[in-house]
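Accompanying notes for the structure given below.
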Amino acid sequence: MALICVLLFATLCAHVTMHGVSGSPLSAFVTVARAEPTHPMDNPNWVPPTGPTREKDPEYWQATGQDRLRLQLEHSKQNLNVAKNVIIFLGDGLSIPTLAATRMYMGGEELELSFETFPYTGLAKTYCINYQVSDSSCTAAAILTGVKNNYGTIGVSGHVPLRNCPLSLQQSNRLTSILKYAQEDGRSTGIVTNTRITHATPAVAYAVSGARYWEDDTELPPGCVDIATQLIHGDIGTNLTVALGGGSRHFYPTGTVDRNGAPGSRTDGRNLVDEWTEQMAARELRAQFVHDRVSKGRTTCRPARLVDRLFGLFSGNHMAYRLLADQQREPSLEEMTLKALEILQRNDRGYVLLVEGGRIDHAHHDNLAKLALDETVELHRAVERTVQQLGDAGFADTLVLATADHSHTLTIGGYPVRGNDILSTGDFARFDRMPFFTLTYANGPSYADHFYETGGRRNPDDMRDRYHDPDFTYPAAVPYEDETHGGDDVAVFAKGPWSHIFSGLYEQHVIGHGLLYAACLGPDTFHQSDACRERLRGGTAGPRRALAHWLAMLMVIVYLRTRTFCCV
């Protein structure tokens, strides 16, 4: 035992790291870059950072606290109208740390995103029924159908395992989305996304499938219908007023290209875009298909008053990150949202619109924090312009809800000073004498970019000139081929009729039930507000009164004609 102790002591004392100097026993496990620098606070001349001048005064906090309290008190006036219109903004992967980091990316910790100013906020629990950490399809089912289900399945109950075609075909296993209820009520419906329009979240709005992966017929089992075909010919898809996004490859056959030159992937030889055009013509609807912002000298489409149906596919795969996009060709999420609203608002009966900022999620999966934050800004802008478009009066009968489907493993850590660049290093580790990034991931493909194969971190100072590159990856603690989702709760923001019911902590599927309740949609067995029951009574009485009126007019006309004939 004595010999073992002596050898161990000698090993620790003699240890020299591969990249530097001898160090503490910790050097056996981490790379020591150099003896200096040390943590700034270890400098005897260190001066603590100071905050903004105005925030040093108690009066600032008292005044802002009172201002916020006044707003909170004003929010206590509940809007109990029927939500004739519902707009659902879904930030895919928009975790709470992503929200906080985006504020700093935009210029300050104290800033607010457009939807963060909404009067009511809640938290939703995001697990699937068979996984602690969810995917976008089971969370979309919770939000859009009010039912939680299995990971990876589209619009089917928990009785359908992933990739089970036969069970997905059983009517009892099929879920109904809020868009279907809206169409049955005579309202217009629309979907806007910057992902493939057949991707998990938008697919749940209109399709039913045993697997989110069956976007076209490439891997489709016999007997099932692929998601792209359901968008064109399904009972919900065929009645969509607006559908805008990416993913054209799933609508064109192999051996052909779309209007942007992207190759098709369908193996059945079908051109679904042509089928959509023919279907619209047969129904005598004024329809337009668009593939870029400017088609034949026209902006995104003809004026809304000249279009009954709008279908747009702007990319073969997902649309580009806005920071990297050809902005002359691809419309922004904001532009697509405003165009959809322009068309949907023509229906006096109302509308339901789903808007997905889906590329937040994709950037996180690749540990591309800057792009994730920038895509969050894109969602912020889309909501901001929508709020401006509606105006205060518009919220009398329009419910706007913004939320995420699930989170990610991004964290904000260390003790960075106020105003520190969120994309930079923000603190210093005494153990390996190197700074570290404020933003880090629990796992992902960037592990090798930040750690040596033999152990220990690469020095972030050597990467300083790349921090702001869109393709710069942020550290992942565990190597993983694709950074995973997170299992923590996500925020829910609501404004408009019945927005107060989205306060609190609840299961994610409660969002779906809240949307149906506010909009006076869903089965008769569901809860209904007094305003909803009045609307339903009015909806029945109105046609009857109109029929009685026309019958009376007809009787008068017949009477007058009879009198005239008799007098002759």
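The values are calculated or read from the model by the stated rules, or taken from the named source; none is laboratory data. These numbers come from a predicted model, not from an experiment. Cβ: placed from backbone, ideal geometry, glycine included. Neighbour counts: every protein chain shown. Remember, those area values only see protein heavy atoms, side chains included, never the ligands or the DNA or RNA. Shrake-Rupley method; radii C 1.70, N 1.55, O 1.52, S 1.80 Å.
The single condition among (1) touching a Leu at 6+ places or on another chain (Cβ under 9 Å); (2) assigned to a helix (DSSP H, G or I) that Q388 does not satisfy is (1).
Cβ-Cβ distances below 8 Å connect the following pairs, each with a first residue in the stretch 162-174 that is touching a residue at least 12 places away in the same chain (Cβ under 8 Å) and part of a loop (DSSP other than H, G, I, E, B), a second residue that is surrounded by 14 or more Cβ atoms within 10 Å (Cβ to Cβ) and of a type in the set (S, T, N, Q), and a separation of six or more residues or different chains: L162/N150; L162/T153.
Are any of the residues in the stretch 453-463 assigned by the TED database to the domain that holds L371, open to solvent by 30 Å² or more (accessible area, probe 1.4 Å), among the basic types (K, R) and in contact with a helix residue (DSSP H, G or I) (Cβ under 9 Å, 6 or more places away or on another chain)? For the stretch 453-463, residues assigned by the TED database to the domain that holds L371, open to solvent by 30 Å² or more (accessible area, probe 1.4 Å), among the basic types (K, R) and in contact with a helix residue (DSSP H, G or I) (Cβ under 9 Å, 6 or more places away or on another chain): absent. Can you confirm whether V204 is within 18 Å of the chain's Cα centre (by Cα), outside any helix (DSSP H, G or I) and buried (at least 24 other Cβ atoms within 10 Å of the Cβ)? Here the answer is no, as V204 does not meet what is asked.
In the stretch 43-146, counting only helices (runs of 4 or more DSSP H) that sit wholly within it, the ones holding 3 or more residues that are at pLDDT below 95 span 58-74. Can you pull out the residues in the stretch 486-518 that are open to solvent by less than 30 Å² (accessible area, probe 1.4 Å) and either under 30 Å from L423 (Cβ atoms) or not assigned by the TED database to the domain that holds A140 (or both)? Matches in the stretch 486-518: G486, V490, A491, V492, F493. Within the stretch 144-163, the residues that satisfy the criterion of being farther than 23 Å from L353 by Cα and open to solvent by 40 Å² or more (accessible area, probe 1.4 Å) are Y151, H159, P161, L162, R163. The residue of the stretch 209-257 that is farthest from E342 (Cα to Cα), among those that are in a helix (DSSP H, G or I), touching a residue at least 40 places away in the same chain (Cβ under 8 Å) and of a type in the set (S, T, N, Q), is T229. If I filter the stretch 431-439 for residues that are in a helix (DSSP H, G or I), touching a residue at least 12 places away in the same chain (Cβ under 8 Å) and charged (D, E, K, R), do I get at least one hit? The answer is no, given that none of the residues of the stretch 431-439 is in a helix (DSSP H, G or I), touching a residue at least 12 places away in the same chain (Cβ under 8 Å) and charged (D, E, K, R).
Being within 21 Å of the chain's Cα centre (by Cα), more than 18 Å from L123 (Cα to Cα) and hydroxyl-bearing (S, T, Y) is true for just one of Y441, Y480, Y474, Y447. Which residue is that? One residue alone meets the criteria, Y441.
Residue count for the stretch 342-360, restricted to those that are touching a strand residue (DSSP E or B) at 6+ places or on another chain (Cβ under 8 Å) and not in a strand (DSSP E or B): 10. When N81, N85 are checked against the criterion of being closer than 17 Å to H500 by Cα and open to solvent by 50 Å² or more (accessible area, probe 1.4 Å), N81 stands alone in meeting it. Might you let me know whether the stretch 407-423 holds any residue that is of a type in the set (D, E), open to solvent by 10 Å² or more (accessible area, probe 1.4 Å), in contact (Cβ under 8 Å) with a residue 24 or more places away in the chain and at negative phi? Within the stretch 407-423, one or more residues are of a type in the set (D, E), open to solvent by 10 Å² or more (accessible area, probe 1.4 Å), in contact (Cβ under 8 Å) with a residue 24 or more places away in the chain and at negative phi. Of A363, A382, A372, A396, all but one fail to be farther than 18 Å from I96 by Cα, in a helix (DSSP H, G or I) and either at pLDDT below 95 or not β-branched (V, I, T) (or both); the exception is A382. Suppose the filter is open to solvent by less than 70 Å² (accessible area, probe 1.4 Å), free of Cβ contacts under 8 Å to residues at least 24 places away in the same chain and either in a helix (DSSP H, G or I) or touching a Leu at 6+ places or on another chain (Cβ under 7 Å) (or both); does Q279 pass it? Here the answer is no, as Q279 does not meet what is asked.
Within the stretch 523-541, the presence of a residue that is open to solvent by less than 20 Å² (accessible area, probe 1.4 Å), at positive phi and either at pLDDT 95 or above or not in a strand (DSSP E or B) (or both) is excluded.
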